[in-house]
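Every read-out reported here was derived from the displayed coordinates using simple, explicitly stated rules and does not represent laboratory data. Keep in mind it's a predicted model, so treat the numbers as computed, not measured. For neighbour counting, all protein chains shown are included, and Cβ atoms are generated from backbone atoms with ideal geometry for every residue, glycine included.
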Amino acid sequence: MDTTDTRTERDSMGELKVPAWALWGASTQRALENFPIARRGLPAPLLHAYGHLKAACAEVNVRLELLDDRRARAIVAAADALAAGELDRHLMVDVYQTGSGTSTNMNVNEVLANHANRALGLALGDFRAEGAVHPNDHVNRGQSSNDTFPTAMHVAATVGLRTRLLPALDHLADALAEKAGAWDGVIKTGRTHLMDATPIRLGQVFAGYAAQVRDARRRLDVAAGTLAGTLAIGGTAVGTGLNTPADFGARVAARLSDRLDDAGPFAEAPDHRAAQAARDEAVAAHGALQATAVAMSKIANDIRWLGSGPRTGLGELRLPALQPGSSIMPGKVNPVLCESVMQVACRVTGNQAAVTAGAFGGVGSIFELNVAMPMMAEALLESIDLLANVARLFADKVIVGLEPDREVIARHLDRSLMRVTALAPAIGYDAASKVAKRALAEDRTLRAVVLDEGLLSEDEVDRLLDPAAMTRPDS
């Protein structure tokens, strides 16, 4: 392929040279020249969602007799190729483009029109030939960038949540729950404020982690349902539905539900003005992503602390050794995947700030349109992708291989002074505090100090200081 060969394409602003091999047209070429900023295109899931959307629109248009069968079949075939990732190299418009995503919508329209025309035996760029597919008149029939881009954004995010992130979180929660069951009999020292606290079962700790992940999953499931149920398609330019049939949006949503049955159902937004003027659903969805990132970071940080050592840290957990940890210290092994989880959480937190800023009135959302959508879409989809990837890796490479060091756990528990809490109802808070302070100062056990001061009998102190009973106060 000679990358220096060009052809001449034209749009409403005139003629422009386009690479001969490219399926895009003049509008896309202008965008490529105008926005060499990030030098990366929008995420593939968004572009593939656009393929499904354009196919659904063509299917609806032919049923409404707004598009002839020949053109419709060619557009749907091209859109299916886009949805399958076969046309990705032709969709190269920068993330930091026109804020409505018009450049990407036109990139998609031109690529699909050229792909369709080539299949119909026409030359690339020959949009005005008899029987040709035109980017605006046919591929974009009944649509606007202002309703297709937010629709593709919601569809892509819903697919990512329902087919990737939610299953990954189920996998992580199951791994944590399995450890919770296996370690229910392992009693360890609890810690609050990084200081010793009353005993807790290791199984209880991991059951709490599993509950955090399941709670995060529940919030994301709600967010996915909201995104799927607020598609902007049918609103066209400003949410009034100009130049499209009244039931177009509902019909397209139904076709998307059929095409993406593992991620649907999808529905037209109840109010198109809200669906196009603001991106509140994206902010809420990303808020649930940030909450997920925070939960996972907390769990990862706890585990790396509990595994710290191996000789001068807490050392209560043994983490799987994944790779050498130092270029200078031989034999060092670090909690690298825990650190990866925490870095992902930092990035998701940054993306939350970007999504929130993009939805602010006067920044992105102003009057009848949000004009920060490409940036918001990239941030939203990146967070979904990062969390889905790291959740599975964390489960498979860390949680599954975790083991408690029972000897270390028992030693820490035996030396902990906070079991004195169970003595307070019997001897009073002040006396219990005195016992704890004397035991620390003299490096003695609580039991020895209580008996030395004659505060309780041996049977009473042994019953009250039983760590297992402290973790089951109801029994």
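Any idea what angle helix 248-259 forms with the longest principal axis of the chain, computed on alpha-carbon atoms, 0 to 90 degrees, nearest 10? The angle comes out near 60 degrees.
Residues of the range 296-322 with an amide N closer than 18 Å to a point placed 7 Å from the Cα of Arg406 along the Cα-to-Cβ direction: 315-319. A Förster radius of 25 Å combined with the Cβ-Cβ distance from Thr163 to Gln343 puts the calculated FRET efficiency at roughly 0.55.
The order of Glu382, Glu15, going from fewest to most other C-beta atoms within 10 Å of their C-beta, is Glu15, Glu382.
Under the criterion of Cα pairs below 8 Å and six or more residues apart, the relative contact order for the range 417-470 equals 37 percent.
Could you pull out the pairs from Lys188/Lys437; Lys179/Lys437; Lys179/Lys332 whose alpha carbons sit more than 31 Å apart here? Correct reply: Lys179/Lys437. In the chain, with Lys and Arg counted as +1 and Asp and Glu as -1 at Cβ, which of these residues, Ala123, Leu67, Leu417, has the Cα nearest the positive end of the dipole, that is, farthest along it? It is Leu417. Helix 145-160 and the long axis of the chain differ in direction by around 40°, with both axes built from C-alpha atoms.
Were the residues from His193 through Thr240 laid out at 0.36 nm apart, the gain over their Cα-Cα distance would be 11.3 nm.
Put the Cα centre of the range 1-63 next to the Cα centre of the range 222-240 and the gap is 24 Å.
The ranking of Leu169, Leu380, Leu417 by Cβ neighbour count inside 10 Å, starting from the fewest, reads Leu417, Leu169, Leu380. Each of Glu178, Glu378 has some number of other Cβ atoms within 10 Å of its Cβ, and from fewest to most they run Glu178, Glu378. Across the range 36-146, Cα pairs under 8 Å and at least six residues apart give a relative contact order of 30 percent. With both labels modelled 7 Å from their Cα along Cα-to-Cβ, the Ala353 to Lys332 distance reads 2.9 nm. Taking the longest Cα principal axis of the chain as reference, the axis of helix 44-63 is set at about 50 degrees. Inter-part distance, the range 328-398 to the range 242-314, computed on C-alpha centroids, equals 12 Å. In this structure, the amide hydrogen of Ala197, modeled 1.01 Å from its nitrogen in the peptide plane, lies closer than 5 angstrom to those of Gly190, Arg191, Thr192, counting only residues at least 5 positions away or on a different chain. Over the Cα atoms of the range 417-470, the radius of gyration divided by the Kirkwood radius equals 0.91; this is the Rg/Rh ratio. Counting only Cβ charges, +1 for Lys and Arg and -1 for Asp and Glu, the dipole size of the chain around its Cα centre is about 660 debye.
Note on Lys298: aspartates and glutamates with a C-alpha under 20 Å away, same-chain residues under 8 apart excluded, are Asp170, Asp174, Glu178, Asp196, Asp215, Glu316, Glu339, Asp385, Asp396, Glu403. Listed values for the range 280-294 are Karplus-derived 3J(HN,Hα) couplings in whole Hz (6.51 cos²θ - 1.76 cosθ + 1.60, θ = phi - 60°), namely 4, 5, 5, 4, 5, 4, 5, x, 5, 5, 5, 4, 5, 4, 5, and x replaces Gly and Pro.
Relative contact order of the chain: 15 percent, from C-alpha pairs under 8 Å at least 6 residues apart in sequence.
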